[in-house]
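Since the structure comes first, as structure tokens, the remarks are kept for the end.
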Amino acid sequence: MKRNKATNRALKRPKLSGDAGGGRFGYFVTRAVMNIRQNMLVNTLTVGTITLGLLILSLFLLVYVNVEGLAENWSEKVQVTVYFESEPDPVTLRNLTSQVEALSGTANAKFVSKVEALNRFRERLKGQEALLDGLAPDILPASLEIRLKKGHRESAAVDAYVSRLKKIPGVAEVQYGEEWVRRFSTFMSFMRVTGLVLGAFLVLAVVLIVSNTIKLTIYARQDELEIMALVGGTKWFIKIPFLIEGIIQGSAGALLAELVLFGVYFAFLHNAGNFLSFNPADAGLSFLPLEWLAGLLAGGMLLGLLGSLTSLKRFVRI
Amino acid sequence: MIRLNNVYMSYGGNVAALHDVSLHIAKGDFVYVTGASGAGKTTLMRLFYLAHAPSRGQILIDGQNITRFKPAQIPYLRRDFGVVFQDFKLLPNRTVLENVGITLEVLGWNKKDIARRVNHVLKQMGLEHKVNSTPQRLSGGEQQRIALARALVNEPKILLADEPTGNLDEATANQVMSVLKEANIRGTTVVVATHDRHLLDKHPRRVIMVDKGRISEGGDEA
Ligand SMILES: Nc1ncnc2c1ncn2[C@@H]1O[C@H](COP(=O)(O)OP(=O)(O)OP(=O)(O)O)[C@@H](O)[C@H]1O
Ligand SMILES: [Mg+2]
């Protein structure tokens, strides 16, 4: 028997719809959308599951992002101070400052003269300034206060920074809150590891639940797959609409999850504003960054696609 | 057109569903496959389009040994067949148009051509007014004819009909038989599985008898 497309059959064969540019792809998308409409219940179930799974995952990410942001804020406190035995003259100071600023990791460097140091101290003792009476005005040393950039505020990085700082001529005594930095670093790495482990478990759970749901829904439609195969549909012709359906379900689920997440975030801000009577916008509560939202969407699509692909393997055996 | 040489087939387990079956059905022939319930009629017909593979033996369709086919070739084999299943296998959530059109859809026909062709075939069956119904809202006999329409819409080389008159009244059964005969006249090889003796008497044709998985008579062309 000839396997050519054109057989000399009585029936006149119209052109393949794939002959027009993109026609074949158009067919697949139309079929997928029709399938969704005809299997509304099953699709709602799948999209709902994906939404729920990704919502839990993204809520976790939201909490994580904010805790990390908060920790970053605390780390502003990490400050390296260079003390001078005697107040440097302006030229030496300018020279030194520019060298410090050139070090990688420096956010900014601020000179505090003896007078300023004393004034600051006096400020802190407000109401009890009398205690300072009789002290020499140069009792406190002049210093250069250095703030570090993000990512340079943990133990190892600070240590490395300080040893580079000490190589600059004119820098003798350097102090920073070692104990505090150490604790902060421990906390940060604990948080990262916990976050990673928890995140990995959540992702695994979501993947398992979603792929099983998709498997069930495809199982429920095996008649469709069987008929397509019995009337001569090729493997990919049968599969592609289901894969597109999976991608649509995945994106719909991800978008819904992001929408709900934003709702939750907004509602929370609103309530926090009312209850704690501060301006929520200034509270430092941030939403997921755009790249993460895009990543979540891509993850949803991939979940739908791979979930369908693996499930179809069991039901389409040609 | 269809030739089987010493074919065995088993569903797993030691009992063979088909035992040493050899037969030949010529191009353009019209034959009945008959036998008691459970004899193996459906099993035999399912072999022709590789719904399952034989455990032993050779099956030639139009001169090609299909038992050697790779999975990717099977869809193209099946496009030469029209099959009416004993249980219809209509998709409940698709319309009649889509159910019948699916045969053309897998060939890549576009919507408009499919609609035109399906309407034409439904008219032959006297069911053109049901084109937008779903199968649940059709009677058993109507579903039967929709299944027949799906099998014939592509004017297949071979038509396999498993109990096509199973639950039809006499008038409708006659209508179905005349559709099968017309297809046969247009050149389609027709194989009808049935245990309805009445049908064999009324529309006499060559008969292949299956008994407990063996061909007991009529395996070769008379
Ligand atoms: N999927 C299956 N798995 C295991 N055994 C099967 C399967 N299908 C059929 N059989 C067995 O194979 C034998 C032949 O079945 P088959 O369906 O071919 O009979 P039949 O002649 O078509 O009967 P009927 O007239 O009732 O349709 C029977 O004994 C049946 O129990
Ligand atoms: Mg049967």
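The values are calculated or read from the model by the stated rules, or taken from the named source; none is laboratory data. Everything numeric in this text was worked out from a predicted model, so none of it was measured. FYI the Cβ positions are ideal-geometry reconstructions off the backbone, even for glycines, and counts take in every protein chain you see. Surface accessibility is based on the protein's heavy atoms, side chains included, excluding ligands, DNA and RNA. Shrake-Rupley method; radii C 1.70, N 1.55, O 1.52, S 1.80 Å.
Of all accessible surface on the protein assembly as shown at a 1.4 Å probe, what whole percent is carbon and sulfur?
Here it works out to 59 percent.
Given N residues in region B:132-172, what is its alpha carbon radius of gyration divided by 2.2 N^0.38 Å?
So region B:132-172 has a normalised radius of gyration of 1.23.
Given C-alpha coordinates of region B:1-132, what is the ratio Rg to Rh with the Kirkwood estimate of Rh?
Ratio of gyration radius to Kirkwood radius for region B:1-132: 1.02.
Just to check I understand the Karplus step: with θ = phi - 60° and J = 6.51 cos²θ - 1.76 cosθ + 1.60, what whole-Hz values come out for region A:73-86, glycine and proline as x?
Karplus-based 3J(HN,Hα) across region A:73-86 equals 5, 4, 5, 4, 5, 5, 9, 9, 10, 9, 9, 10, 5, 10 Hz.
Identify all aspartates and glutamates with a Cα-Cα distance to B:Lys212 below 14 Å; exclude those on the same chain that are fewer than 8 residues away in sequence.
B:Asp20
Based on the Kirkwood radius over alpha-carbon pairs, what value in µm²/s does the Stokes-Einstein equation return for the translational diffusion coefficient of region A:118-167 at 20 °C and 1.002 mPa s?
Working: Rh = 13.9 Å.
Value of D from the Cα-based Kirkwood radius: 154 µm²/s.
Kindly compute the accessible surface that chains B and A hide from a 1.4 Å probe when together, both sides summed, and give it to the nearest 100 Å².
3300 Å²
Counting only Cα, what are the radius of gyration and maximum Cα-Cα distance Dmax of region B:53-125, in Å?
When restricted to Cα atoms, region B:53-125 yields Rg and Dmax of 15.4, 44 Å.
Compute the relative contact order of chain A as a whole-number percentage, counting only Cα pairs closer than 8 Å that sit 6 or more residues apart in sequence.
That works out to 28 percent.
With a cut-off of 8 Å between alpha carbons and a minimum separation of six or more residues, what is the relative contact order of region A:79-175 in percent? Walk me through the numbers before you get to the answer.
On the way: 121 pairs, mean separation 47.2, N = 97.
Normalised by residue count, the contact order of region A:79-175 is 49 percent.
Among the lysines, select those whose C-alpha is under 16 Å from the C-alpha of A:Lys149, and discard any that sit fewer than 8 residues away in the same chain.
Leaving aside lysines fewer than 8 places away in the same chain, those within reach of A:Lys149 are A:Lys77, A:Lys110.
Express in % the proportion of alpha carbon pairs of region A:79-175 at distances exceeding 20 Å.
42 percent
Lys and Arg at +1, Asp and Glu at -1: add these up for the other residues within a Cβ distance under 14 Å of B:Glu182 and post the number.
Net of charged neighbours comes to +3.
If you roll a 1.4 Å probe over the heavy atoms of the protein chains, what accessible area per residue do you get for chain A, in Å²? Please report the intermediate quantities before stating the final value.
Numbers: 18200 Å² over 318 residues.
With the other protein chains kept in place, chain A gives 57 Å² per residue.
In Å³ and rounded to a whole number, note down the convex hull volume per residue for the Cα atoms of region A:36-139.
Considering the Cα atoms of region A:36-139, their hull volume per residue is 184 Å³.
With the Cα gyration tensor of the protein assembly as shown in hand, convert its eigenvalues to equivalent ellipsoid semi-axes via √(5λ) and list them largest first in whole Å.
Values: eigenvalues 1350, 109, 76 Å².
Rounded to whole Å, the semi-axes are 82, 23, 19.
Need one value for B:77-87: mean number of C-beta atoms belonging to other chains within 10 Å of its residues' C-beta atoms.
3
Between beta-carbons, use under 13 Å as the cut-off and find the net charge around A:Leu288, counting Lys and Arg +1, Asp and Glu -1. Numbers along the way, then the final one.
Details: positive: none; negative: A:Glu68, A:Glu258, A:Glu291.
With Lys, Arg at +1 and Asp, Glu at -1, the net is -3.
For chain A, what does the equivalent ellipsoid look like in terms of its semi-axes, each the square root of 5 times an eigenvalue of the Cα gyration tensor, given largest first in whole Å?
67, 23, 16
Run the helix sum for the protein assembly as shown: -39,500 (n - 2.57) per DSSP H stretch of 4+ residues, divided by residue count, reported at 222 nm to the nearest 500 deg cm²/dmol.
After summing the helix terms and dividing by residue count, I get -17500 deg cm²/dmol.
Compare A:Leu261, A:Leu269, A:Leu132 in a GNM of chain A, Cα atoms joined below 10 Å, and give the one with the largest fluctuation.
Maximum fluctuation in the GNM of chain A, among the listed residues, is at A:Leu132.
What whole-number value in cubic angstrom gives the convex hull volume per residue for the C-alpha atoms of region B:61-217?
With only Cα atoms used, region B:61-217 gives 139 Å³ per residue.
Could you identify which residue out of A:Gly69, A:Gly48, A:Gly127 has the top mean-square fluctuation in a GNM of chain A using Cα springs shorter than 10 Å?
Maximum among the listed residues: A:Gly127.
Longer than 24 Å from Cα to Cα, which of B:Lys89/B:Lys111; B:Lys89/B:Lys202; B:Lys123/B:Lys181; B:Lys27/B:Lys123; A:Lys239/B:Lys70 are they? Say none if no pair is.
B:Lys89/B:Lys202; B:Lys27/B:Lys123
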